[in-house]
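One structure is given here, and the rest of the page talks about it.
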Amino acid sequence: MEKVIRSLRAWLVIPLLVLLITTPASASRTYGGETREGSESFALEEATIAELQEAMESGELTSRAITEMYIARIKALDQSGPTVRSILEINPDALAIADALDQEREEKGPRGPLHGIPVLLKGNIDTADRMETTAGSLALLGSRPSRDAHVARKLREAGAVILGKTNLSEWANFRSTQSSSGWSGRGGQGKNPYALDRNPCGSSSGSAQAIAANFAAVAIGTETDGSIVCPSSANSIVGIKPTLGLVSRSGIIPIAHSQDTAGPMARTVTGAAVLLGAITGVDPRDDATKQGRGKAAGDYTKFLDPDGLRGARIGVARNNGFGTSPETDAIMEDVIAALKRAGAVIVDPADIPNIDKYGDSEFEVLLYEFKADLNKYLAERGGPMRSLRDLIAFNEENAGKEMPYFGQEIFEMAQEKGPLTDPKYRKALANNHRLSREQGIDAVMEKHDLDALIAPTGSPAWPTDLINGDHFLFGSSSPAAVAGYPNITVPAGYSYGLPVGISFMGRAYSEGTLIRLAYAFEQSTDVRQPPKFLPTANLSGADCTPETGSGDLGTEERPDTGTDQEDGEGDDAAAGSGGAGQGCEDVQMPGAGAGGMAGRAEAALPLDLPLVGKPR
């Protein structure tokens, strides 16, 4: 996919912040001498890892300059202007790290593709530096880990600049049955950059928002069930939930060792593949990684094949997310047609057996493991919070700050669970693995000789509602999450300007195959467009998405009505009545103050969902 290129040299002579917000419509951007005309944009908008490396190798940019530009954009758009609230803190040592890496490049050359590249970490990943690791909670402030998480250490070894920590659904969305995804006591409510009154999904909300908004090159998220793929879909980026054990979890604040994993989040499949290769590997502190010994590819970019769909057998899991959202279903039908045009053999339907038989037992397992795993983590970390019981007491004592909108029902349920030797836990875990693996994903893939299964990742983002919690419609992540199998989501389309992703799922350690398929789909459709920080979703029918050229999946284009909307007017409190007159004006940045949390979407349909249904 050819990138829109604009001038980077201008930043040398124009005050930095001005350039970071917009450049004139007639401006151009260059990487390595290649130039294309473009419209107003952040100078590094949609920049890939390869483009940034080329700019550093040519001397056009340094790691320090790139890091400064991302920091300035964060200050302008995350901490002011539309206040996306995706970043908990910027690494105070980021510029010093970038300087050291620039000097190393000059003296020895780059370590690899991530040398000097700014990377963001989800706020539950330990770093032994001046940053906090809190899972978004005020309870862990001031208690810093003594060593890096394995993932953080691998990134430092690869030469990445750890730019900061991202906001998240507090405790990875495992505190309350009525939580709002993207909210934490420390970071507040994150906003979806495609429509600021919409939810970013979670729990890796900040990582997805930040990458969508071009606050860094790539980011790391974590997932137990949906927490990488759901926010990636809602923010139109690529997310990879790896096979359990491919990436170490040591030094990551846990939910459940039978499902937890870290994974890459990026604007392109290539970026996600580069990042995945950097963080895999065996870790003595995480026994699950021993099962993956010899199964990690090391370099996942070798699977990038633009013709990778040709001849691939892809099953459509019609019983996993289809039939819930008409808007999503329409996008998926276009996706299936695009896959066929790219040469894939479509098996439709290819339903996953037993998909409805482990929802309750999954939640039961998570409750048991959360108590055991979190208590172990806190005891090893040290500090005043040594157990789940301590956290419950802290929240009760600080309810005004920690529980202003929702409580800690899940904490309390987990606290009541016994040890992991409890027969009820062991039976539930065995049930989950049997039904989701050999009698689930493995069964349908063997029956139809499939390379992958596809399903919609989720619906378009719902309006954020701090009072009633998430209006979560559906997610397709559970089969792969419970099985511990890989799941990759890629931008698939937009409904009223709100992103929707497609998930590619497969057998254990099939990341290479899934990356090949996802990359071929991405290259043949060219769907992703950067966000415009609209104050609310475009419900008027006007086409607010820039022209995509080859990215058209075959849907009918909607005319631009040219209607405007004042900030805060026609918000989603009235979504059920149609929202006519909403237009496509960008948020004025910085300082516009648009897109507050007014409007709680009382008109949204109440849903009676199992507790495990929410992404975490």
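The values are calculated or read from the model by the stated rules, or taken from the named source; none is laboratory data. This is a predicted model, so every value here is computed, not measured. Positions of Cβ are backbone-derived with ideal geometry, glycine not excepted, and every protein chain shown enters the neighbour counts. Areas reflect the complete protein model, heavy atoms only, side chains present, ligands, DNA and RNA absent. Shrake-Rupley method; radii C 1.70, N 1.55, O 1.52, S 1.80 Å.
Summary of values
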| item | result |
| --- | --- |
| Where a residue in segment 42-57 is closer than 10 Å to GLY271 by Cβ and its partner, wherever it lies, is open to solvent by 30 Å² or more (accessible area, probe 1.4 Å) and assigned to a helix (DSSP H, G or I), with Cβ under 8 Å and at least six apart | THR48/THR270; ILE49/THR270; ALA50/THR270 |
| Residue in segment 196-214 that is in contact with a Gly (Cβ under 8 Å, 6 or more places away or on another chain), of a type in the set (Val, Ile, Thr) and modelled with pLDDT of 95 or more present | no |
| Hits in segment 267-306 - residues which are of a type in the set (Lys, Arg) and open to solvent by 20 Å² or more (accessible area, probe 1.4 Å) | ARG285, LYS290, ARG293, LYS295, LYS302 |
| Residues of segment 437-459 satisfying the condition of being within 24 Å of the chain's Cα centre (by Cα), assigned to a loop (DSSP other than H, G, I, E, B) and either surrounded by fewer than 16 Cβ atoms within 10 Å (Cβ to Cβ) or small (Gly, Ala, Ser) (or both) | SER459 |
| Filtered residues of segment 494-504 (kept if in contact with a Leu (Cβ under 8 Å, 6 or more places away or on another chain) and open to solvent by 10 Å² or more (accessible area, probe 1.4 Å)) | TYR496, GLY497 |
| Count of residues meeting criterion [within 10 Å of ARG175 (Cβ to Cβ), in contact with a Leu (Cβ under 7 Å, 6 or more places away or on another chain) and in a loop (DSSP other than H, G, I, E, B)] in segment 392-415 | 0 |
| Of all residues making up segment 218-246, the number that are of a type in the set (A, V, I, L, M), farther than 18 Å from ILE162 by Cα and part of a strand (DSSP E or B) | 3 |
| Residue satisfying condition, being within 14 Å of the chain's Cα centre (by Cα) and on the phi > 0 side of the Ramachandran plot, within set CYS230, CYS201 | CYS201 |
| Pairs with Cβ under 6 Å, 6+ apart, first in segment 100-114 and open to solvent by less than 60 Å² (accessible area, probe 1.4 Å), second of a type in the set (S, T, N, Q) | LEU101/SER63; ASP102/THR62; ASP102/SER63 |
| Single residue of ALA72, ALA96, ALA76 found to be at negative phi, small (Gly, Ala, Ser), open to solvent by 40 Å² or more (accessible area, probe 1.4 Å) and out of contact with any strand residue (DSSP E or B) (no Cβ under 7 Å at 6 or more places or on another chain) | ALA96 |
| Residue count, segment 307-319 (criterion: open to solvent by 10 Å² or more (accessible area, probe 1.4 Å) and part of a loop (DSSP other than H, G, I, E, B)) | 5 |
| Residue within segment 506-523 that is more than 15 Å from THR268 (Cα to Cα), surrounded by 22 or more Cβ atoms within 10 Å (Cβ to Cβ) and not polar (S, T, N, Q) present | yes |
| Residue in segment 158-180 that is in a loop (DSSP other than H, G, I, E, B), under 17 Å from ALA219 (Cβ atoms) and of a type in the set (Ser, Thr, Tyr) present | yes |
| Residue ranges of helices (runs of 4 or more DSSP H) in segment 1-109 with at least 2 members at pLDDT 50 or above and touching a helix residue (DSSP H, G or I) at 6+ places or on another chain (Cβ under 7 Å) | 49-58, 63-73, 94-108 |
| Evaluation of ILE255 against (1) in a helix (DSSP H, G or I); (2) over 17 Å from the mean Cα position of the chain (by Cα) (one fails), failing number | (1) |
| Members of segment 347-391 found to be over 21 Å from ILE252 (Cα atoms), among the polar types (S, T, N, Q) and either in contact with a Pro (Cβ under 9 Å, 6 or more places away or on another chain) or assigned to a loop (DSSP other than H, G, I, E, B) (or both), listed by number | ASN354 |
| Selection count, segment 381-401, where residues are of a type in the set (S, T, N, Q) and either touching a residue at least 40 places away in the same chain (Cβ under 8 Å) or open to solvent by 40 Å² or more (accessible area, probe 1.4 Å) (or both) | 2 |
| Some residue of segment 325-340 being in contact (Cβ under 8 Å) with a residue 40 or more places away in the chain, small (Gly, Ala, Ser) and assigned to a loop (DSSP other than H, G, I, E, B) | yes |
| Positions within segment 113-150 being assigned to a helix (DSSP H, G or I) and closer than 27 Å to ALA393 by Cβ, in sequence order | LEU138, ALA139, LEU140 |
| Which listed residue is at pLDDT 95 or above, surrounded by 22 or more Cβ atoms within 10 Å (Cβ to Cβ) and within 27 Å of the chain's Cα centre (by Cα), from GLU333, GLU327, GLU362 | GLU362 |
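The rows are residues; the columns are (1) over 15 Å from the mean Cα position of the chain (by Cα); (2) within 29 Å of SER258 (Cβ to Cβ).
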{"position": "TYR485", "(1), (2)": "yes, yes"}
{"position": "PRO491", "(1), (2)": "no, no"}
{"position": "GLY506", "(1), (2)": "yes, yes"}
{"position": "SER510", "(1), (2)": "yes, yes"}
{"position": "LEU514", "(1), (2)": "yes, yes"}
{"position": "GLU522", "(1), (2)": "yes, no"}
{"position": "THR525", "(1), (2)": "yes, no"}
{"position": "ASN538", "(1), (2)": "yes, no"}
